[in-house]
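Below is one structure, written out as structure tokens; the observations come after it.
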Protein chains: 2
Amino acid sequence: MQKAIGVFDSGVGGLTVVKELIHQLPNEDIIYFGDTARVPYGIKSKETIIRFSIENILFLLKQEVKLICVACNTVSSIALPAIKNHFRVPIVGVLSPGAREAVYATKNKRIGVIGTKATITSQAYEKEIRMLDPTIRIVSQACPLFVPFVEEGWLNGRAVEDVAKVYLTSLKKAGVDTIILGCTHYPLLKPVIRKVMGQAVVLIDSAKQVATEVKQILANEALLEAKSHRPDRAFYVSDGPAWFSGLAKRFLGYSLKTVTKVDPIV
Amino acid sequence: MQKAIGVFDSGVGGLTVVKELIHQLPNEDIIYFGDTARVPYGIKSKETIIRFSIENILFLLKQEVKLICVACNTVSSIALPAIKNHFRVPIVGVLSPGAREAVYATKNKRIGVIGTKATITSQAYEKEIRMLDPTIRIVSQACPLFVPFVEEGWLNGRAVEDVAKVYLTSLKKAGVDTIILGCTHYPLLKPVIRKVMGQAVVLIDSAKQVATEVKQILANEALLEAKSHRPDRAFYVSDGPAWFSGLAKRFLGYSLKTVTKVDPIV
């Protein structure tokens, strides 16, 4: 039987990763779960994020997925180090791929990291980057208002620019030449971030790297799907399937016809 | 045995109601529950809001409260009409008191209502106002970015003013003289809203009216506490007690020493 790649996120942001998975692995079945009943995770405690993450993983395991991709930086930073090794299925987070890409991209060895409060507080990106190159200077900044702005579709205009200016002050002062967009919502704010930081800044959006890592793992484990297969893609949420469908186009690039509501705990 | 007044909210906003309860009913014990693990409710579906509300009510009933005050406009608008009569204990929402006060306050019979998406979509305030006076013109507007701005403490400055200008355009055009602040977070934005709408606008913050209604019900049912009592006030949350304590001062006017984490479902 054909097994799917499982993907989960606290909400809709993880669809930016799905988009890239579809691009790089067009024959793979994908099962996505967005925990929209409990979104957002980024303002919540480590303990709660871990509990929610385990419930989401168990939901995907019930669907018999062959690999789990955690398409959420908050979960990747906070929960993954603690729970990754509990499970037999390979679990891929968005953290390491993004960090590697940033270390590769920076020329002046100054990297900015932006993300949710939970992600930034965890210092997970700092640790990852320092392991790769301890001489790099890292400036981190939580940008908690970015997610609501993206979800409301306020992707440009004065208000979001004002907010970006405040958040990015320290990165600008430090002269970073590369910024890790450490939250799956942030790629939608690339134009605003470029406007504030200057067009030359390199913005690292980990989705592409994550998909490459998923592909490698599946290849190594001989789990890649044969080319002839016509893929199934299923989307589950814990609340508001209509709201999710509405937002999907913004993140995924196309509309979703069927989104199913489930309770991950049951 | 002394029984407490139970209060719940999706998060920290309900503390504006607690502040008023303490002011009007200084002898009463209060047990507060903030569902910070699942906050915010305002972007979620009716079904999910009802489920969470029932769980919160059951948690307070376990603490043997004598009355439950729903210090959340989203829950009051969406869940309360459906579940209020299931329980023996009196349950007071924030909707009717605010609507009554607004109808009393308006001179030109044009009222603006602002709230979360769920509250505005429910049209609960419109129904309530029309029952009181069908000749009143009502202009409603969801302001989903206001809650994150308040929780981040961005209570003034250009960004929040820009957002307020966009949200309040239709209310300004309609020439409303009274606005119901239909979300417990919004009283903290009074200065910004006045700046956009003009100083003459009457802003209805239902906390005061709710406390008055609670007092009346307790008096009618002979449940008011004797004056000699020194009150206990206990604060429970489903996540992030430290975060909650930190925000409490902004809403309550004083800091909280003890905030206890519990799981309302268990």
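Return yes when A:PRO264 is closer than 24 Å to A:ARG88 by Cβ and more than 18 Å from the chain's Cα centre (by Cα) and no when it is not.
Numbers: closer than 24 Å to A:ARG88 by Cβ: yes; more than 18 Å from the chain's Cα centre (by Cα): yes.
Yes, satisfied.
Suppose we filter region B:39-68 for residues that are surrounded by fewer than 22 Cβ atoms within 10 Å (Cβ to Cβ), in contact with a strand residue (DSSP E or B) (Cβ under 8 Å, 6 or more places away or on another chain) and among the small types (Gly, Ala, Ser); how many remain?
The qualifying residues number 0.
Taking region A:102-157 only, how many residues are part of a helix (DSSP H, G or I) and acidic (Asp, Glu)? Explain how you work it out, then say what you get.
Applying the first criterion (part of a helix (DSSP H, G or I)) to region A:102-157 yields A:102-105, A:117-122, A:124-132, A:146-151.
From the residues that got through so far, the ones that are acidic (Asp, Glu) too are A:126, A:128, A:151.
Total meeting the criteria: 3.
I need a count of the residues in region A:81-92 that are within 17 Å of the chain's Cα centre (by Cα) and modelled with pLDDT under 95.
So the answer is 2.
Scanning for something under 23 Å from B:ALA118 (Cα atoms) and either modelled with pLDDT of 95 or more or of a type in the set (Phe, Trp, Tyr) (or both), does region B:225-234 turn up at least one residue?
No, every residue in region B:225-234 fails to be under 23 Å from B:ALA118 (Cα atoms) and either modelled with pLDDT of 95 or more or of a type in the set (Phe, Trp, Tyr) (or both).
Give me a count of the residues in region A:6-54 that are among the aliphatic types (A, V, I, L, M), more than 22 Å from A:PRO148 (Cβ to Cβ) and assigned to a loop (DSSP other than H, G, I, E, B). Working first, answer last.
First pass over region A:6-54, keeping only residues among the aliphatic types (A, V, I, L, M): A:7, A:12, A:15, A:17-18, A:21-22, A:25, A:30-31, A:37, A:39, A:43, A:49-50, A:54.
Okay, now just the ones that are also more than 22 Å from A:PRO148 (Cβ to Cβ), so A:7, A:21-22, A:25, A:30-31, A:50, A:54.
With the extra rule that they be assigned to a loop (DSSP other than H, G, I, E, B), the set shrinks to A:25.
Count: 1.
Results for (1) in contact with a strand residue (DSSP E or B) (Cβ under 6 Å, 6 or more places away or on another chain); (2) assigned to a loop (DSSP other than H, G, I, E, B); (3) surrounded by 19 or more Cβ atoms within 10 Å (Cβ to Cβ); (4) not assigned by TED's automatic domain parsing to the domain that holds B:PRO26, shown as yes or no for each residue.
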residue	(1), (2), (3), (4)
B:LEU189	no, no, yes, yes
B:VAL192	no, no, yes, yes
B:ILE217	no, no, no, no
B:ALA226	no, yes, no, no
B:ARG230	no, yes, no, no
B:GLY246	no, no, no, no
B:LYS257	no, yes, no, no
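Mind checking which pairs have a first residue in region B:73-90 that is crowded, with 24+ Cβ neighbours inside 10 Å and a second that is of a type in the set (Lys, Arg), Cβ under 6 Å, 6 or more apart or different chains?
Partner pairs satisfying both residue conditions: B:ILE78/B:LYS46.
In region A:159-169, is there at least one residue being more than 14 Å from chain B (Cβ to nearest Cβ) and touching a strand residue (DSSP E or B) at 6+ places or on another chain (Cβ under 8 Å)?
Narrowing region A:159-169 to residues more than 14 Å from chain B (Cβ to nearest Cβ): none.
Checked region A:159-169: no residue is more than 14 Å from chain B (Cβ to nearest Cβ) and touching a strand residue (DSSP E or B) at 6+ places or on another chain (Cβ under 8 Å).
Going by what's in this entry, would A:VAL65 be described as over 16 Å from the mean Cα position of the chain (by Cα), away from chain B (no Cβ under 14 Å) and either in contact (Cβ under 8 Å) with a residue 40 or more places away in the chain or not in a helix (DSSP H, G or I) (or both)?
On the way: over 16 Å from the mean Cα position of the chain (by Cα): yes; away from chain B (no Cβ under 14 Å): yes; either in contact (Cβ under 8 Å) with a residue 40 or more places away in the chain or not in a helix (DSSP H, G or I) (or both): yes.
Yes.
Here are some residues: A:GLY11, A:GLY115, A:GLY6, A:GLY93. Which one is under 22 Å from A:LYS208 (Cβ atoms) and within 14 Å of another protein chain (Cβ to nearest Cβ)? Can you show your working first?
On the way: A:GLY115 fails: within 14 Å of another protein chain (Cβ to nearest Cβ); A:GLY6 fails: within 14 Å of another protein chain (Cβ to nearest Cβ); A:GLY93 fails: within 14 Å of another protein chain (Cβ to nearest Cβ).
Going through A:GLY11, A:GLY115, A:GLY6, A:GLY93 in turn, the sole match is A:GLY11.
Looking only at region A:147-162, decide whether some residue is surrounded by 22 or more Cβ atoms within 10 Å (Cβ to Cβ), touching a Ser or Thr at 6+ places or on another chain (Cβ under 8 Å) and either under 30 Å from A:ILE57 (Cα atoms) or assigned by TED's automatic domain parsing to the domain that holds A:ARG194 (or both).
There is at least one residue in region A:147-162 that is surrounded by 22 or more Cβ atoms within 10 Å (Cβ to Cβ), touching a Ser or Thr at 6+ places or on another chain (Cβ under 8 Å) and either under 30 Å from A:ILE57 (Cα atoms) or assigned by TED's automatic domain parsing to the domain that holds A:ARG194 (or both).
Please list, ordered by first then second residue, the pairs with beta carbon atoms under 8 Å, 6 or more apart or interchain, first in region B:168-192 and at positive phi, second surrounded by fewer than 22 Cβ atoms within 10 Å (Cβ to Cβ) and modelled with pLDDT of 95 or more.
B:GLY175/B:ASN108; B:GLY175/B:ARG110
What do you reckon, is A:VAL17 farther than 22 Å from B:ASP263 by Cβ, touching a residue at least 12 places away in the same chain (Cβ under 8 Å), crowded, with 22+ Cβ neighbours inside 10 Å and within 14 Å of chain B (Cβ to nearest Cβ)? Break it down into steps so the answer makes sense when it comes.
Numbers: farther than 22 Å from B:ASP263 by Cβ: yes; touching a residue at least 12 places away in the same chain (Cβ under 8 Å): yes; crowded, with 22+ Cβ neighbours inside 10 Å: yes; within 14 Å of chain B (Cβ to nearest Cβ): no.
Considered against the rule, which asks whether it is farther than 22 Å from B:ASP263 by Cβ, touching a residue at least 12 places away in the same chain (Cβ under 8 Å), crowded, with 22+ Cβ neighbours inside 10 Å and within 14 Å of chain B (Cβ to nearest Cβ), A:VAL17 comes out as no.
Hey, among B:THR121, B:THR74, B:THR36, which residue is among the β-branched types (Val, Ile, Thr) and in the same structural domain as B:GLY182 (by TED's automatic domain parsing)? It would help to see each step written out before you state the result.
Details: B:THR74 fails: in the same structural domain as B:GLY182 (by TED's automatic domain parsing); B:THR36 fails: in the same structural domain as B:GLY182 (by TED's automatic domain parsing).
Only one candidate qualifies: B:THR121.
For region A:228-249: of the residues being of a type in the set (A, V, I, L, M) and within 13 Å of chain B (Cβ to nearest Cβ), which is farthest from B:GLU47 (Cα to Cα)?
Our first condition is that a residue be of a type in the set (A, V, I, L, M); within region A:228-249, this holds for A:234, A:237, A:242, A:247-248.
Now restrict to residues that are within 13 Å of chain B (Cβ to nearest Cβ): A:237, A:242, A:247.
Values: A:VAL237: 14, A:ALA242: 13, A:LEU247: 20 Å.
Filtering region A:228-249 for residues that are of a type in the set (A, V, I, L, M) and within 13 Å of chain B (Cβ to nearest Cβ), the one farthest from B:GLU47 (Cα to Cα) comes out as A:LEU247.
The values are calculated or read from the model by the stated rules, or taken from the named source; none is laboratory data. Keep in mind that what you see is a predicted model, and the values were worked out from it rather than measured. Cβ: placed from backbone, ideal geometry, glycine included. Neighbour counts: every protein chain shown.
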